[in-house]
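For reference, the structure discussed in these notes is given below.
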Amino acid sequence: MASRCISVIFVSLICYHYVSSINNQTEHRFAESVSVLDSNGALLLKWKVDYLDRKVRFQLIISDKAPEANWFALGFSNRGELENSDVCLVWTDYKGRDHFEDMHADAEGRLTPDEQQDCETFYVDSKSRSVLFERYFDTCDDNDYVIEDGTVHVIWARGVDKLFSSKGLCLTCTESQDRGFIRVRLLTPTNISKYSGQQLRITNDNLKVPNSDTTYWCKVVKLPEFINQNVHHIIKFESVITKGNEGLVHHMELFYCDADPQQDIPYYNGNCFANNRPEITKLCSKVRAAWAMGAPPFAYPEEAGLPIGGPNSNKYVMLEVHYNNPELKNDWVDSSGIILHLTPNRRRFDAAIMEIGLEYTDKMAIPGGQEAFPLTGYCIPQCTGVGLPENGIVVFGSQLHTHLTGIAVWTRHSRQGVELPVLNKDVHYSTHFQEIRILHRPVKILPGDFLETTCIYNTVDKQNATIGGHAITDEMCVNYMHYYPATELEVCKSAVSNLALENYFKFEHRWDNMPISYLSPPRANYLSIKPWTPLRASALNALYTESPISMQCNKSDGNRFQGDWEGLPIPKITLPLPQEQRICPKNQKRSNKVMAYNDYFYSN
């Protein structure tokens, strides 16, 4: 790992032909992705997913500008912490010999070798300055992280220490510039459409990025006249990142300004949270594209496209870029953004976005001091029954969304009480990793189907309740489903019924002596409840899970479908899916060729 050529380069020559043959036989089974590991872009991570064998092949590429190291750890943890992490370690001992090991860290970040070694086909390629290895999705080793669809926190650490043993190596003892983590979706889909259209680049223009740890930068632009004259279809979108800034640009979103077609939106170009940001720019809130680090281009199905432009739509969009600058550098200049691929020849179906989950309302709240408090929003059969066409819709993409305290989100799908496969699930969700994800399989939703979206929140560092609402300090629980063909149904979300909430506040006032006013809005009454004891938190959870609900079953014009949507019972899934069985590798050992070489290497 030091400047000298790593001694196991000899291994790579032996392994190369073996691994290359695997490449040639199975390349069609792989989805390939790439992301930077560090903010300077000196460490590049590439990976390929083999869905047939249920394994991921990793390649760590170390550039010439990266500091030298005698050991490097790459692995996974629940939230990006080095403590209790699962890593694959390559290290050079004090005699100059190189080693590869599957390790796990304890609560202090100190490493211990796994009894079951699951970092397979480990080798070093000196030409590309790369370290390569493979990992099964699930090794069935309790010391190993299970790689699932959704957000994965990939951690890394390095050091120049001369080692005689890897046991006890302290990951958390390294300097801040020698460790870190990124969030990626490792299990990216295969067979992404290659169709491209006329390109529209919406980017920042030589922006001098503030020397703050985190910056959200908003830029409002007017769409070109040819788009404003005629409706186009977005058929694909992708990122364009300024070279060298791959570690700076964390995620990006493009919003349509949902205002009157003739309404001019100011050309704002500044911090999204600045006091001088014009209020009207907050109407730019309808997501049209979203990208996060490691995300591939998002391509629509060949039969559908997302409409944009035309004389009946507002003429403005807003680009939001999240910059991650932990070293507080003041010399970053950036022109990154999003490329839309458009066509004037509209496809067979208009795609659309449907919001399911919880209503944006202060009727819902999360108690303070909670490690994992659930809230669930419902899209009930009555609403899909009146809002969806007879042949249903096809959901091909999904963007799960909460604000700062959300840690997990999923949407269940059932038909006539029988649960179908989950629509989307992210058990390591982070609000700092927003992207629209292509589903691995399109999901057909028919009239009368039932969808329930659950969000889990962590408020251990808060005393007061976190209230539902639009502000970043409030909370949401939403799944933005991307589907076709477009229908009138745009919002299918719920909240606890008005009567149930009134009775809850009356109970808290009379029996718990809370200073609640029946004339105050729910926000004020929730904030008057303190402290949030386990009993009070449990009572609030029971209110949400057992009480009738109020439904937003709304058309795209904002009006509800006809009917009484207040005080409806929560539907039940009578036949849930059986618990998913773990799929363990048939053979946990390395290939005979690699093992034979290791025996030869360490015996000489």
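The values are calculated or read from the model by the stated rules, or taken from the named source; none is laboratory data. Keep in mind that what you see is a predicted model, and the values were worked out from it rather than measured. Methodologically, a virtual Cβ is constructed for each residue, glycine included, from the backbone with ideal geometry; neighbour enumeration extends over all protein chains shown. Keep in mind that these areas ignore ligands, DNA and RNA; they rest on the heavy atoms of the full protein, side chains included. Shrake-Rupley method; radii C 1.70, N 1.55, O 1.52, S 1.80 Å.
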- Query: Which percent of the accessible area of the stretch 502-589 is formed by carbon and sulfur heavy atoms (probe 1.4 angstrom)?
  - Reply: 55
- Query: How big is the stretch 381-431 in terms of Cα radius of gyration and Dmax, in angstroms?
  - Reply: 13.6, 38
- Query: Percent of alpha carbon pairs in the stretch 139-258 separated by more than 20 Å?
  - Reply: 67
- Message: At 1.4 Å probe radius, can you tell me the per residue accessible area of the chain in Å²?
- Response: 45
- Mind putting a number on the dipole of the chain about its Cα centre? Charges go on the C-beta only, +1 for Lys and Arg and -1 for Asp and Glu, and I need it in Debye to the nearest 20. 940
- Note on the structure: Taking max minus min of the Cα coordinates of the stretch 269-327 on each principal axis, largest first, gives extents in Å of 43, 34, 13
- Taking the alpha carbon gyration tensor of the stretch 374-496, what are the square roots of 5 times its eigenvalues, largest first, to the nearest whole Å? 27, 15, 13
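Could you calculate the contour length gain from Arg129 to Lys462, that is, 0.36 nm times the residue separation minus the distance between their Cα atoms, to one decimal place in nm? Intermediate results must be reported in sequence, preceding the final value.
Working: separation 333, 0.36 × 333 = 119.88 nm, distance 4.57 nm.
Contour length minus the Cα-Cα distance gives 115.3 nm.
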- Message: Placing +1 on the Cβ of each Lys and Arg and -1 on the Cβ of each Asp and Glu in the chain, which of Ser336, Asn230, Leu52 has its Cα farthest towards the positive end of the resulting dipole?
- Response: Asn230
- Extension gain, Asp106 back to Ser63 (0.36 nm per residue minus Cα-Cα distance, nm): 12.5 nm
- With N residues in the stretch 412-563, Rg(alpha-carbon) / (2.2 N^0.38 Å) equals 1.22
- Per DSSP, loop GluC sites (Glu not before Pro) in the stretch 140-229 with at most 13 further Cβ within 10 Å: Glu175
- Taking one equal scatterer on every alpha-carbon of the stretch 97-165, how large is log10 of I(q)/I(0) by Debye at q = 0.23 1/Å? -1.40
- If you rank Leu577, Leu207 by how much accessible surface each has, with a 1.4 Å probe, what is the order from largest down? Leu577, Leu207
- Query: For the chain, what is the percent of antiparallel DSSP beta bridges, rounded to the nearest 5?
  - Reply: 95
- Query: Nearest 0.05, what FRET efficiency do Tyr94 and Gln199 give at R0 = 51 Å with Cβ-Cβ as r?
  - Reply: 0.40
- Per-bin percent of Cα-Cα distances, the chain [10 Å]: 3, 15, 24, 25, 19, 10, 3, 1, 0
- At 25 °C and 0.890 mPa s, what whole-number value in µm²/s does Stokes-Einstein give for the translational diffusion of the stretch 324-427, with Rh from the Kirkwood sum over Cα pairs? 133
- Message: Nearest 10 degrees is fine. How inclined is helix 9-26 to the longest principal axis of the chain, computing both from alpha carbons?
- Response: 40
- Query: If you keep only loop residues by DSSP, which trypsin sites (Lys or Arg not before Pro) in the stretch 306-370 have at most 15 other Cβ atoms within 10 Å of their Cβ?
  - Reply: Lys329, Arg346, Arg348
- Please name which of Cys379, Ala259, Tyr518 has its Cα lying farthest along the dipole of the chain towards the positive end, using unit charges on Cβ (Lys, Arg +1; Asp, Glu -1) and the Cα centre as origin. Ala259
- Item | Rg over Rh, two decimals, the stretch 217-306 (C-alpha only, Kirkwood Rh) | 0.98
- Message: Please compare each pair in Lys46/Lys315; Lys282/Lys363; Lys48/Lys493; Lys65/Lys95; Lys530/Lys555; Lys55/Lys444 to a cut-off of 30 Å on the Cα-Cα distance and tell me which ones are over it.
- Response: Lys46/Lys315; Lys48/Lys493; Lys530/Lys555
- Can you check what the Kirkwood hydrodynamic radius comes to for the stretch 51-140, Cα pairs only, in Å to one decimal? 14.1
- Cα-based Rg/(2.2 N^0.38 Å) for the stretch 456-524, rounded to two decimals, is 1.51
- Roll a 1.4 Å probe over the protein heavy atoms and report the accessible area of Cys257 in Å², nearest 10. 0
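Restricting to DSSP H runs of at least four residues, report the calculated mean residue ellipticity at 222 nm for the chain, -39500 (n - 2.57) per run over all residues, nearest 500 deg cm²/dmol.
One gets -4000 deg cm²/dmol as the mean residue ellipticity at 222 nm.
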- Message: Just to verify a number: FRET efficiency for Glu371 and Glu327, C-beta to C-beta distance, R0 = 22 Å, to 0.05?
- Response: 0.10
